[in-house]
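Reading through the C-alpha coordinates given below for one structure.
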Amino acid sequence: MPLELPITGALPAGSGPLPLIPAKPRGGRRRQVWALMFVALLALLIYAWIDVGGSLSQFFTGMFGSKGLFQNIVPASLPPAANQIWPGVDAALTTFAVAILSIFFGVIGSVAMLPLAARNITPSRPLYELARLIQAILRSIPELIMLLFFLIVFGFSPFAAVVALTFHGIGVKGKLFAEAVEEMDMAPVEALRAAGASRLQVFLHAVLPGVRNTLTGLTLYRLDANFRSAVTLGAVGGGGIGFLIDNELNVFQFRPVTTYIIILVVFVMAIERVSTLLRSRLT
Amino acid sequence: MPFESPLAASKVSTEPSRAAALDAPLVLAGIRKRFGPNEVLKGVGLELKRGELLVVLGANGCGKSTLLRCAIRLIKPDGGSSKLCGEDLAKLEGRALRRARREAAVVFQQVALVKQRTAFDNVCAGALGQLPLFRSLTPGSFPREVRERAAFALHRVRMLEHAWQRAGTLSGGQAQRVAIARAYCQQASVILADEPVSALDPRAAEEVLELLRDLADSDGLAVLAVLHQPDLALRHAHRVIGMKLGEVAFDRRSADVSQDDINSLYGHLHEA
(Lines give C-alpha, C1' and ligand atoms only; values in the text may rest on other atoms or scores of the structure.)
Protein backbone atom coordinates (compact mmCIF):
# COMPACT_ATOMS: atom_id res chain seq x y z
CA MET A 1 0.00 0.00 0.00
CA PRO A 2 2.06 3.00 -1.21
CA LEU A 3 1.60 6.35 0.50
CA GLU A 4 1.53 9.64 -1.34
CA LEU A 5 3.67 12.48 -0.04
CA PRO A 6 1.68 15.62 0.74
CA ILE A 7 2.99 18.38 -1.51
CA THR A 8 3.46 21.66 0.32
CA GLY A 9 5.89 23.52 -1.96
CA ALA A 10 6.55 23.79 -5.65
CA LEU A 11 8.52 20.93 -7.16
CA PRO A 12 11.75 21.92 -8.90
CA ALA A 13 11.32 22.25 -12.62
CA GLY A 14 11.93 19.11 -14.59
CA SER A 15 11.44 16.71 -11.74
CA GLY A 16 9.19 13.92 -12.85
CA PRO A 17 6.27 12.42 -11.02
CA LEU A 18 6.51 12.41 -7.25
CA PRO A 19 8.26 9.32 -5.90
CA LEU A 20 6.16 7.14 -3.67
CA ILE A 21 7.35 5.94 -0.29
CA PRO A 22 6.85 2.21 0.01
CA ALA A 23 4.46 1.21 2.77
CA LYS A 24 6.09 0.62 6.15
CA PRO A 25 6.30 -3.10 6.71
CA ARG A 26 4.24 -4.17 9.70
CA GLY A 27 6.42 -5.89 12.27
CA GLY A 28 3.96 -8.63 13.12
CA ARG A 29 6.01 -11.21 14.98
CA ARG A 30 8.55 -8.82 16.49
CA ARG A 31 5.79 -6.69 17.96
CA GLN A 32 4.24 -9.76 19.58
CA VAL A 33 7.59 -10.72 21.08
CA TRP A 34 8.01 -7.24 22.52
CA ALA A 35 4.49 -7.25 23.95
CA LEU A 36 5.08 -10.62 25.54
CA MET A 37 8.37 -9.46 27.08
CA PHE A 38 6.67 -6.34 28.42
CA VAL A 39 3.91 -8.34 30.11
CA ALA A 40 6.46 -10.78 31.55
CA LEU A 41 8.56 -7.91 32.93
CA LEU A 42 5.49 -6.30 34.50
CA ALA A 43 4.52 -9.58 36.16
CA LEU A 44 8.05 -9.98 37.45
CA LEU A 45 8.08 -6.46 38.92
CA ILE A 46 4.73 -7.01 40.67
CA TYR A 47 5.90 -10.31 42.12
CA ALA A 48 9.13 -8.66 43.34
CA TRP A 49 7.25 -5.75 44.92
CA ILE A 50 4.98 -8.11 46.86
CA ASP A 51 7.89 -10.36 47.78
CA VAL A 52 9.90 -7.56 49.43
CA GLY A 53 6.80 -6.25 51.20
CA GLY A 54 6.81 -2.99 49.31
CA SER A 55 4.44 -0.34 50.58
CA LEU A 56 4.17 3.25 49.40
CA SER A 57 2.56 4.50 52.60
CA GLN A 58 5.36 2.91 54.61
CA PHE A 59 7.89 4.63 52.39
CA PHE A 60 6.37 8.06 52.98
CA THR A 61 5.95 7.68 56.76
CA GLY A 62 9.49 6.33 56.95
CA MET A 63 10.90 9.26 55.05
CA PHE A 64 8.70 12.20 56.04
CA GLY A 65 6.55 11.09 59.05
CA SER A 66 7.03 12.46 62.58
CA LYS A 67 9.35 9.59 63.48
CA GLY A 68 10.82 9.41 59.96
CA LEU A 69 14.22 10.20 58.51
CA PHE A 70 13.82 13.91 57.90
CA GLN A 71 11.82 14.91 61.01
CA ASN A 72 13.52 12.66 63.49
CA ILE A 73 16.98 11.42 62.48
CA VAL A 74 18.33 14.32 60.45
CA PRO A 75 17.84 16.88 63.26
CA ALA A 76 19.41 14.47 65.74
CA SER A 77 22.44 14.14 63.46
CA LEU A 78 23.29 17.82 63.34
CA PRO A 79 25.68 19.42 63.86
CA PRO A 80 28.38 16.80 63.17
CA ALA A 81 30.40 15.91 66.26
CA ALA A 82 33.70 17.81 65.95
CA ASN A 83 35.48 15.72 68.58
CA GLN A 84 35.08 12.64 66.36
CA ILE A 85 37.10 14.01 63.43
CA TRP A 86 40.46 12.49 64.39
CA PRO A 87 39.12 9.15 65.54
CA GLY A 88 37.15 9.08 62.29
CA VAL A 89 40.16 9.89 60.10
CA ASP A 90 42.23 7.35 61.98
CA ALA A 91 39.61 4.65 61.37
CA ALA A 92 39.23 5.66 57.71
CA LEU A 93 43.01 5.21 57.33
CA THR A 94 42.64 1.70 58.74
CA THR A 95 39.93 1.04 56.16
CA PHE A 96 42.23 2.41 53.45
CA ALA A 97 44.98 0.10 54.71
CA VAL A 98 42.60 -2.84 54.34
CA ALA A 99 41.76 -1.76 50.78
CA ILE A 100 45.35 -1.22 49.66
CA LEU A 101 46.65 -4.48 51.18
CA SER A 102 43.84 -6.54 49.68
CA ILE A 103 44.41 -4.92 46.29
CA PHE A 104 48.14 -5.70 46.52
CA PHE A 105 47.72 -9.36 47.44
CA GLY A 106 44.82 -9.65 45.01
CA VAL A 107 46.98 -8.40 42.13
CA ILE A 108 49.73 -10.88 43.04
CA GLY A 109 47.23 -13.73 43.13
CA SER A 110 45.56 -12.67 39.88
CA VAL A 111 48.83 -12.27 37.97
CA ALA A 112 50.04 -15.60 39.31
CA MET A 113 46.92 -17.25 37.86
CA LEU A 114 47.24 -15.45 34.51
CA PRO A 115 49.45 -17.99 32.69
CA LEU A 116 46.70 -20.56 33.23
CA ALA A 117 43.59 -18.38 33.16
CA ALA A 118 44.01 -16.72 29.75
CA ARG A 119 42.80 -18.92 26.92
CA ASN A 120 45.42 -17.75 24.42
CA ILE A 121 48.47 -18.61 26.56
CA THR A 122 47.28 -21.46 28.77
CA PRO A 123 49.27 -24.68 28.44
CA SER A 124 46.16 -26.85 28.56
CA ARG A 125 42.42 -26.46 28.26
CA PRO A 126 41.53 -28.30 31.50
CA LEU A 127 43.92 -26.08 33.52
CA TYR A 128 42.32 -23.04 31.95
CA GLU A 129 38.84 -24.26 32.86
CA LEU A 130 40.00 -25.04 36.40
CA ALA A 131 41.53 -21.58 36.88
CA ARG A 132 38.41 -19.88 35.55
CA LEU A 133 36.20 -22.06 37.77
CA ILE A 134 38.19 -21.12 40.88
CA GLN A 135 37.86 -17.46 39.94
CA ALA A 136 34.13 -17.82 39.34
CA ILE A 137 33.65 -19.42 42.75
CA LEU A 138 35.72 -16.74 44.53
CA ARG A 139 33.77 -14.07 42.67
CA SER A 140 30.34 -15.43 43.42
CA ILE A 141 30.80 -15.69 47.19
CA PRO A 142 30.20 -12.10 48.36
CA GLU A 143 33.07 -10.63 50.38
CA LEU A 144 30.65 -10.15 53.29
CA ILE A 145 29.94 -13.87 53.50
CA MET A 146 33.64 -14.67 53.19
CA LEU A 147 34.35 -12.29 56.04
CA LEU A 148 31.86 -14.12 58.29
CA PHE A 149 33.99 -17.25 57.86
CA PHE A 150 37.30 -15.47 58.37
CA LEU A 151 35.97 -13.73 61.51
CA ILE A 152 35.56 -17.19 63.01
CA VAL A 153 39.12 -18.10 62.05
CA PHE A 154 41.00 -14.85 62.66
CA GLY A 155 38.69 -13.11 65.17
CA PHE A 156 37.24 -9.62 64.80
CA SER A 157 39.99 -7.64 63.07
CA PRO A 158 40.80 -5.64 59.95
CA PHE A 159 43.11 -8.49 59.02
CA ALA A 160 40.13 -10.80 58.49
CA ALA A 161 38.72 -8.16 56.13
CA VAL A 162 42.02 -8.09 54.20
CA VAL A 163 41.89 -11.84 53.71
CA ALA A 164 38.24 -11.81 52.63
CA LEU A 165 38.74 -8.93 50.18
CA THR A 166 41.90 -10.51 48.77
CA PHE A 167 40.14 -13.77 47.89
CA HIS A 168 37.10 -12.03 46.47
CA GLY A 169 39.41 -9.67 44.54
CA ILE A 170 41.29 -12.59 42.98
CA GLY A 171 37.96 -13.73 41.58
CA VAL A 172 37.16 -10.30 40.15
CA LYS A 173 40.60 -9.07 39.04
CA GLY A 174 41.67 -12.53 37.91
CA LYS A 175 38.85 -12.52 35.36
CA LEU A 176 39.42 -8.91 34.26
CA PHE A 177 43.17 -9.53 33.88
CA ALA A 178 42.67 -12.76 31.94
CA GLU A 179 40.28 -11.03 29.56
CA ALA A 180 42.84 -8.26 29.01
CA VAL A 181 45.43 -10.89 28.04
CA GLU A 182 42.97 -12.63 25.74
CA GLU A 183 42.50 -9.38 23.83
CA MET A 184 46.19 -8.54 23.50
CA ASP A 185 48.27 -8.46 20.31
CA MET A 186 49.72 -11.97 19.98
CA ALA A 187 52.41 -11.15 17.40
CA PRO A 188 55.22 -10.52 19.94
CA VAL A 189 54.20 -13.68 21.82
CA GLU A 190 54.55 -15.78 18.67
CA ALA A 191 57.85 -14.11 17.88
CA LEU A 192 59.42 -14.98 21.23
CA ARG A 193 58.05 -18.52 21.06
CA ALA A 194 59.70 -18.87 17.67
CA ALA A 195 62.96 -17.59 19.17
CA GLY A 196 62.91 -20.58 21.52
CA ALA A 197 61.82 -18.77 24.68
CA SER A 198 60.16 -20.90 27.35
CA ARG A 199 56.57 -20.38 28.43
CA LEU A 200 57.56 -18.40 31.49
CA GLN A 201 60.03 -16.28 29.51
CA VAL A 202 57.35 -15.49 26.94
CA PHE A 203 55.01 -14.54 29.78
CA LEU A 204 57.57 -12.24 31.39
CA HIS A 205 58.86 -10.60 28.21
CA ALA A 206 55.89 -10.43 25.86
CA VAL A 207 52.62 -10.97 27.75
CA LEU A 208 53.23 -8.91 30.92
CA PRO A 209 54.77 -5.85 29.23
CA GLY A 210 51.98 -6.00 26.65
CA VAL A 211 49.17 -5.79 29.20
CA ARG A 212 50.99 -3.87 31.96
CA ASN A 213 49.13 -0.61 31.35
CA THR A 214 45.74 -2.27 31.07
CA LEU A 215 46.28 -4.19 34.30
CA THR A 216 47.43 -1.09 36.17
CA GLY A 217 44.34 0.77 34.95
CA LEU A 218 42.04 -2.04 36.07
CA THR A 219 43.74 -2.18 39.46
CA LEU A 220 43.35 1.55 40.07
CA TYR A 221 39.75 1.27 38.95
CA ARG A 222 39.16 -1.48 41.50
CA LEU A 223 40.80 0.52 44.31
CA ASP A 224 37.80 2.68 45.14
CA ALA A 225 35.46 -0.29 44.82
CA ASN A 226 37.69 -2.09 47.31
CA PHE A 227 37.63 0.87 49.68
CA ARG A 228 33.84 0.94 49.71
CA SER A 229 33.73 -2.83 50.27
CA ALA A 230 36.20 -2.41 53.13
CA VAL A 231 33.82 0.08 54.80
CA THR A 232 30.97 -2.41 54.59
CA LEU A 233 33.13 -5.22 55.93
CA GLY A 234 34.16 -2.92 58.78
CA ALA A 235 30.55 -2.67 59.93
CA VAL A 236 30.36 -6.47 60.22
CA GLY A 237 33.52 -6.77 62.31
CA GLY A 238 36.35 -5.87 60.00
CA GLY A 239 37.26 -2.69 61.94
CA GLY A 240 37.93 0.72 60.51
CA ILE A 241 35.38 3.42 59.93
CA GLY A 242 32.56 1.00 59.11
CA PHE A 243 32.95 -0.43 62.60
CA LEU A 244 32.70 3.04 64.22
CA ILE A 245 29.55 3.87 62.24
CA ASP A 246 27.93 0.61 63.24
CA ASN A 247 28.83 1.13 66.92
CA GLU A 248 27.37 4.63 67.14
CA LEU A 249 24.22 3.66 65.26
CA ASN A 250 23.62 0.82 67.71
CA VAL A 251 23.40 3.35 70.55
CA PHE A 252 21.51 5.91 68.46
CA GLN A 253 24.37 8.46 68.54
CA PHE A 254 23.76 10.14 65.21
CA ARG A 255 26.05 13.19 65.45
CA PRO A 256 29.33 11.22 65.39
CA VAL A 257 27.92 9.18 62.51
CA THR A 258 27.47 12.37 60.48
CA THR A 259 31.14 13.17 61.03
CA TYR A 260 32.17 9.69 59.90
CA ILE A 261 30.02 9.87 56.81
CA ILE A 262 31.52 13.20 55.79
CA ILE A 263 35.01 11.72 56.24
CA LEU A 264 33.94 8.70 54.23
CA VAL A 265 32.67 10.78 51.33
CA VAL A 266 35.87 12.83 51.30
CA PHE A 267 37.99 9.66 51.26
CA VAL A 268 36.02 8.00 48.47
CA MET A 269 36.07 11.13 46.34
CA ALA A 270 39.80 11.63 46.91
CA ILE A 271 40.56 8.02 45.97
CA GLU A 272 38.42 8.33 42.85
CA ARG A 273 40.18 11.52 41.83
CA VAL A 274 43.67 10.15 42.35
CA SER A 275 42.87 6.90 40.55
CA THR A 276 41.36 8.77 37.58
CA LEU A 277 44.38 11.06 37.45
CA LEU A 278 46.85 8.17 37.54
CA ARG A 279 44.89 6.24 34.93
CA SER A 280 44.90 9.20 32.55
CA ARG A 281 48.70 9.31 32.83
CA LEU A 282 48.99 5.68 31.76
CA THR A 283 49.52 5.84 28.05
CA MET B 1 72.38 4.11 31.62
CA PRO B 2 75.11 4.24 28.96
CA PHE B 3 75.63 0.97 27.20
CA GLU B 4 78.76 -0.67 25.96
CA SER B 5 80.22 0.55 22.68
CA PRO B 6 79.45 -1.57 19.66
CA LEU B 7 83.19 -1.79 18.96
CA ALA B 8 83.71 -3.64 22.20
CA ALA B 9 80.83 -5.87 21.21
CA SER B 10 82.43 -6.72 17.90
CA LYS B 11 85.09 -8.61 19.83
CA VAL B 12 82.40 -11.02 20.92
CA SER B 13 82.91 -13.78 18.47
CA THR B 14 79.84 -15.41 17.01
CA GLU B 15 80.50 -18.91 18.31
CA PRO B 16 80.82 -21.33 15.44
CA SER B 17 77.79 -23.53 16.02
CA ARG B 18 77.56 -27.09 14.83
CA ALA B 19 75.66 -25.51 11.95
CA ALA B 20 78.74 -23.76 10.69
CA ALA B 21 80.16 -27.02 9.50
CA LEU B 22 77.12 -27.71 7.41
CA ASP B 23 76.89 -26.30 3.96
CA ALA B 24 73.09 -26.29 3.86
CA PRO B 25 71.65 -25.49 7.29
CA LEU B 26 68.05 -25.94 6.18
CA VAL B 27 66.95 -28.84 4.01
CA LEU B 28 63.26 -29.50 3.39
CA ALA B 29 62.08 -32.63 1.65
CA GLY B 30 58.60 -33.71 0.62
CA ILE B 31 56.74 -31.36 2.98
CA ARG B 32 53.00 -32.00 2.80
CA LYS B 33 50.24 -30.14 4.60
CA ARG B 34 46.49 -30.25 4.30
CA PHE B 35 43.96 -27.92 5.94
CA GLY B 36 40.63 -29.71 5.75
CA PRO B 37 39.90 -30.39 2.09
CA ASN B 38 42.70 -28.07 0.90
CA GLU B 39 46.03 -29.64 0.14
CA VAL B 40 48.20 -26.57 0.65
CA LEU B 41 51.61 -28.22 0.25
CA LYS B 42 52.00 -31.21 -2.05
CA GLY B 43 55.48 -32.39 -1.25
CA VAL B 44 57.79 -29.38 -1.31
CA GLY B 45 61.56 -29.65 -1.01
CA LEU B 46 64.30 -27.08 -0.97
CA GLU B 47 67.87 -26.56 0.17
CA LEU B 48 68.99 -23.34 1.80
CA LYS B 49 72.75 -22.76 1.73
CA ARG B 50 75.04 -20.74 3.97
CA GLY B 51 75.60 -17.19 2.76
CA GLU B 52 72.56 -17.32 0.53
CA LEU B 53 69.46 -15.15 0.30
CA LEU B 54 66.74 -17.36 -1.11
CA VAL B 55 63.39 -15.80 -1.96
CA VAL B 56 60.16 -17.75 -2.33
CA LEU B 57 57.63 -16.14 -4.67
CA GLY B 58 54.06 -17.13 -5.39
CA ALA B 59 50.48 -15.95 -5.48
CA ASN B 60 48.36 -15.69 -2.36
CA GLY B 61 47.36 -19.12 -1.15
CA CYS B 62 50.12 -21.00 -2.96
CA GLY B 63 51.49 -22.19 0.39
CA LYS B 64 54.59 -20.01 0.84
CA SER B 65 53.84 -18.91 4.39
CA THR B 66 52.66 -22.37 5.38
CA LEU B 67 55.91 -23.79 4.04
CA LEU B 68 57.91 -21.39 6.18
CA ARG B 69 55.89 -22.27 9.26
CA CYS B 70 56.19 -25.98 8.57
CA ALA B 71 59.95 -25.60 8.11
CA ILE B 72 60.42 -24.83 11.81
CA ARG B 73 57.26 -26.62 12.93
CA LEU B 74 55.29 -23.62 14.07
CA ILE B 75 52.77 -25.72 12.14
CA LYS B 76 53.12 -29.49 12.18
CA PRO B 77 53.39 -30.80 8.62
CA ASP B 78 51.50 -33.96 7.62
CA GLY B 79 54.58 -35.45 6.05
CA GLY B 80 58.13 -34.86 4.87
CA SER B 81 61.24 -33.87 6.74
CA SER B 82 62.75 -30.58 7.77
CA LYS B 83 66.44 -30.80 8.63
CA LEU B 84 67.64 -27.73 10.51
CA CYS B 85 71.40 -27.92 11.00
CA GLY B 86 71.26 -31.65 10.57
CA GLU B 87 68.43 -32.30 13.05
CA ASP B 88 65.12 -33.52 11.69
CA LEU B 89 62.55 -31.34 13.43
CA ALA B 90 59.74 -33.73 12.49
CA LYS B 91 61.19 -36.27 14.93
CA LEU B 92 61.53 -33.87 17.90
CA GLU B 93 59.06 -32.79 20.56
CA GLY B 94 58.88 -30.36 23.48
CA ARG B 95 62.17 -29.20 24.92
CA ALA B 96 64.33 -30.87 22.30
CA LEU B 97 62.30 -29.22 19.55
CA ARG B 98 62.65 -25.83 21.21
CA ARG B 99 66.39 -26.30 21.50
CA ALA B 100 66.77 -27.35 17.88
CA ARG B 101 64.55 -24.52 16.69
CA ARG B 102 66.89 -21.90 18.13
CA GLU B 103 69.05 -22.38 15.04
CA ALA B 104 66.35 -20.59 13.06
CA ALA B 105 65.22 -17.03 13.74
CA VAL B 106 61.95 -15.73 12.35
CA VAL B 107 61.07 -12.24 11.12
CA PHE B 108 57.31 -11.83 10.84
CA GLN B 109 55.06 -9.98 8.44
CA GLN B 110 53.43 -7.73 10.99
CA VAL B 111 56.09 -6.28 13.22
CA ALA B 112 56.09 -8.52 16.25
CA LEU B 113 57.89 -6.30 18.76
CA VAL B 114 56.74 -5.66 22.32
CA LYS B 115 55.60 -2.07 21.84
CA GLN B 116 55.93 -1.04 25.48
CA ARG B 117 59.60 -1.98 25.67
CA THR B 118 62.63 -0.28 24.19
CA ALA B 119 64.20 -1.37 20.92
CA PHE B 120 67.20 -2.57 22.93
CA ASP B 121 65.15 -4.76 25.28
CA ASN B 122 63.32 -6.23 22.28
CA VAL B 123 66.62 -7.16 20.65
CA CYS B 124 67.91 -8.74 23.88
CA ALA B 125 64.76 -10.88 23.96
CA GLY B 126 66.08 -12.69 20.88
CA ALA B 127 68.55 -14.42 23.18
CA LEU B 128 65.88 -15.66 25.63
CA GLY B 129 66.07 -19.19 24.29
CA GLN B 130 69.70 -19.45 25.40
CA LEU B 131 69.22 -17.97 28.85
CA PRO B 132 68.29 -19.75 32.05
CA LEU B 133 65.16 -18.38 33.69
CA PHE B 134 66.95 -16.61 36.53
CA ARG B 135 69.03 -14.54 34.09
CA SER B 136 65.95 -13.50 32.20
CA LEU B 137 63.43 -12.43 34.83
CA THR B 138 63.56 -8.79 33.71
CA PRO B 139 65.45 -6.96 30.94
CA GLY B 140 67.75 -5.68 33.72
CA SER B 141 68.98 -9.19 34.50
CA PHE B 142 70.18 -10.03 30.98
CA PRO B 143 73.88 -10.94 31.10
CA ARG B 144 76.43 -8.44 29.84
CA GLU B 145 77.35 -10.65 26.93
CA VAL B 146 73.77 -10.58 25.63
CA ARG B 147 73.58 -6.81 26.06
CA GLU B 148 76.77 -6.37 24.08
CA ARG B 149 75.50 -8.67 21.38
CA ALA B 150 72.21 -6.73 21.23
CA ALA B 151 74.07 -3.42 20.91
CA PHE B 152 76.10 -4.88 18.07
CA ALA B 153 72.98 -6.21 16.37
CA LEU B 154 71.37 -2.76 16.54
CA HIS B 155 74.54 -1.25 15.14
CA ARG B 156 74.42 -3.84 12.37
CA VAL B 157 70.92 -2.73 11.29
CA ARG B 158 71.85 0.96 11.77
CA MET B 159 69.36 1.47 14.58
CA LEU B 160 71.79 2.00 17.45
CA GLU B 161 70.80 5.64 17.95
CA HIS B 162 67.20 4.51 18.51
CA ALA B 163 68.18 1.87 21.08
CA TRP B 164 66.29 3.47 23.98
CA GLN B 165 63.21 4.40 22.01
CA ARG B 166 60.08 2.41 22.83
CA ALA B 167 59.28 0.00 20.01
CA GLY B 168 55.76 1.38 19.70
CA THR B 169 57.15 4.75 18.60
CA LEU B 170 59.30 3.42 15.73
CA SER B 171 58.27 3.71 12.09
CA GLY B 172 57.40 0.52 10.21
CA GLY B 173 60.77 0.27 8.50
CA GLN B 174 62.70 0.99 11.69
CA ALA B 175 60.65 -1.54 13.62
CA GLN B 176 61.25 -4.24 11.02
CA ARG B 177 65.00 -3.55 11.19
CA VAL B 178 64.83 -3.93 14.98
CA ALA B 179 63.00 -7.23 14.46
CA ILE B 180 65.87 -8.32 12.20
CA ALA B 181 68.33 -7.26 14.89
CA ARG B 182 66.43 -9.44 17.35
CA ALA B 183 66.74 -12.37 14.93
CA TYR B 184 70.47 -11.58 14.59
CA CYS B 185 70.84 -11.49 18.38
CA GLN B 186 69.42 -14.99 18.53
CA GLN B 187 72.68 -16.14 16.83
CA ALA B 188 70.80 -18.55 14.62
CA SER B 189 72.34 -19.95 11.43
CA VAL B 190 69.09 -19.52 9.53
CA ILE B 191 66.86 -16.48 9.26
CA LEU B 192 63.33 -17.01 7.97
CA ALA B 193 61.39 -13.93 6.94
CA ASP B 194 57.65 -14.16 6.28
CA GLU B 195 56.66 -11.31 3.94
CA PRO B 196 58.92 -8.96 5.89
CA VAL B 197 58.23 -5.91 3.71
CA SER B 198 54.54 -6.17 2.88
CA ALA B 199 53.65 -3.44 5.38
CA LEU B 200 56.48 -1.11 4.35
CA ASP B 201 56.87 1.71 1.84
CA PRO B 202 59.11 0.99 -1.18
CA ARG B 203 62.19 2.65 0.26
CA ALA B 204 61.96 0.90 3.63
CA ALA B 205 61.33 -2.36 1.78
CA GLU B 206 64.49 -1.81 -0.26
CA GLU B 207 66.51 -1.19 2.92
CA VAL B 208 65.20 -4.31 4.63
CA LEU B 209 66.11 -6.50 1.65
CA GLU B 210 69.56 -4.92 1.37
CA LEU B 211 70.01 -5.76 5.01
CA LEU B 212 68.90 -9.39 4.58
CA ARG B 213 71.24 -9.74 1.60
CA ASP B 214 74.06 -8.26 3.63
CA LEU B 215 73.46 -10.72 6.48
CA ALA B 216 73.87 -13.51 3.95
CA ASP B 217 76.93 -12.00 2.24
CA SER B 218 78.87 -10.70 5.24
CA ASP B 219 77.78 -12.97 8.08
CA GLY B 220 77.31 -16.13 6.08
CA LEU B 221 73.76 -16.57 7.39
CA ALA B 222 71.28 -18.63 5.41
CA VAL B 223 68.31 -16.35 4.75
CA LEU B 224 64.96 -17.49 3.41
CA ALA B 225 62.41 -14.78 2.63
CA VAL B 226 58.84 -15.15 1.43
CA LEU B 227 57.99 -12.15 -0.75
CA HIS B 228 55.18 -10.72 -2.83
CA GLN B 229 57.33 -8.39 -4.91
CA PRO B 230 59.06 -10.16 -7.86
CA ASP B 231 61.13 -7.06 -8.70
CA LEU B 232 62.58 -6.86 -5.18
CA ALA B 233 63.29 -10.59 -5.27
CA LEU B 234 65.12 -10.46 -8.59
CA ARG B 235 67.19 -7.47 -7.52
CA HIS B 236 68.35 -8.78 -4.13
CA ALA B 237 68.12 -12.56 -3.97
CA HIS B 238 70.84 -15.01 -4.93
CA ARG B 239 68.24 -17.55 -5.84
CA VAL B 240 64.48 -17.55 -6.39
CA ILE B 241 61.98 -20.35 -5.91
CA GLY B 242 58.57 -19.98 -7.52
CA MET B 243 55.66 -21.79 -5.90
CA LYS B 244 52.35 -22.56 -7.53
CA LEU B 245 49.42 -24.48 -6.05
CA GLY B 246 51.49 -26.08 -3.33
CA GLU B 247 54.38 -27.17 -5.52
CA VAL B 248 57.73 -25.79 -6.60
CA ALA B 249 57.29 -24.34 -10.10
CA PHE B 250 60.91 -23.28 -10.61
CA ASP B 251 64.12 -22.95 -8.64
CA ARG B 252 66.78 -20.77 -10.34
CA ARG B 253 69.53 -18.25 -9.74
CA SER B 254 67.80 -14.87 -9.81
CA ALA B 255 69.75 -13.82 -12.92
CA ASP B 256 68.21 -16.76 -14.80
CA VAL B 257 64.60 -16.07 -13.87
CA SER B 258 62.62 -14.91 -16.90
CA GLN B 259 59.51 -12.78 -17.08
CA ASP B 260 57.64 -15.89 -18.27
CA ASP B 261 58.59 -17.64 -15.04
CA ILE B 262 57.12 -14.78 -13.04
CA ASN B 263 53.97 -14.63 -15.16
CA SER B 264 53.45 -18.36 -14.77
CA LEU B 265 53.14 -17.90 -11.00
CA TYR B 266 50.46 -15.25 -11.04
CA GLY B 267 48.92 -16.07 -14.39
CA HIS B 268 46.46 -18.74 -13.34
CA LEU B 269 44.51 -16.17 -11.34
CA HIS B 270 43.62 -14.37 -14.55
CA GLU B 271 42.91 -17.52 -16.50
CA ALA B 272 40.29 -18.56 -13.96
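Whenever you get a sec, compute what percent of the accessible area on the stretch A:85-282 sits on carbon and sulfur atoms (1.4 Å probe).
71 percent
Which is farthest toward the positive dipole end of chain A among A:N72, A:A225, A:V236, measuring Cα position about the Cα centre, with Cβ charges +1 (Lys, Arg) and -1 (Asp, Glu)?
Farthest towards the positive end: A:A225.
Please give the peptides B:26-38, A:101-113 ranked by average Cβ packing (other Cβ atoms within 10 Å per residue), highest first, as a rough proxy for protection.
Packing order, densest peptide first, comes out as A:101-113, B:26-38.
Treating the beta-carbon of each Lys and Arg as +1 and of each Asp and Glu as -1, no other charges, what is the dipole magnitude of the stretch A:85-282 about its Cα centre, to the nearest 20 debye?
The calculated dipole for the stretch A:85-282 is roughly 360 debye.
Between chains B and A, what is the buried accessible area summed over both chains (1.4 Å probe, protein heavy atoms, nearest 100 Å²)?
Heavy-atom accessible area buried at this interface is about 2000 Å².
Does any residue of the stretch B:130-146 lose at least 50 Å² of accessible area with all protein chains in place compared with its chain alone, and if so which ones (probe 1.4 Å)?
So the qualifying set is B:L133.
For chain A, set up a GNM with springs between Cα atoms under 10 Å and report which of A:A164, A:A230, A:A43 has the largest fluctuation.
The residue that fluctuates most here is A:A43.
What number comes out for accessible area per residue over the protein assembly as shown if the probe is 1.4 Å? Units Å², please.
Normalised by residue count, the accessible surface of the protein assembly as shown is 52 Å².
Enter the mean projected area of the convex hull around the alpha-carbon atoms of the stretch A:85-282, in nm², rounded to one decimal.
12.2 nm²
Rg/Rh for chain B to two decimals, with Rh computed the Kirkwood way over all alpha-carbon pairs.
0.97
Leaving out ligands, DNA and RNA, and with a 1.4 Å probe, what % of the accessible surface on chain B is carbon or sulfur?
The C+S portion of the solvent-accessible surface of chain B is 50 percent.
Could you check which residue among A:V236, A:V52, A:V189 shows the biggest mean-square fluctuation in a GNM of chain A with a 10 Å Cα cutoff?
Between A:V236, A:V52, A:V189, it is A:V52 that shows the largest mean-square fluctuation.
How high is the relative contact order of the stretch A:85-282, given as a whole-number percent (alpha carbon pairs under 8 Å, six or more residues apart)?
30 percent
Report which residues of the stretch B:89-118 become buried by 50 Å² or more of accessible surface when going from the isolated chain to the complete set of protein chains (1.4 Å probe; DNA, RNA and ligands ignored).
So the qualifying set is B:R98, B:V114, B:Q116, B:R117.
Using every pair of alpha-carbon atoms in the protein assembly as shown, split the distances into 10 Å bins beginning at 0 and state the percent of pairs per bin, rounded to integers.
3, 13, 18, 16, 13, 12, 12, 9, 4, 1, 0
The values are calculated or read from the model by the stated rules, or taken from the named source; none is laboratory data. Predicted model, so just to flag it, every value in this text is computed and none were measured. Positions of Cβ are generated from backbone atoms using ideal geometry, with glycine treated the same way; all protein chains shown enter the neighbour counts. The accessibility values were calculated without ligands, DNA or RNA, using every heavy atom of the protein model including side chains. Shrake-Rupley method; radii C 1.70, N 1.55, O 1.52, S 1.80 Å.
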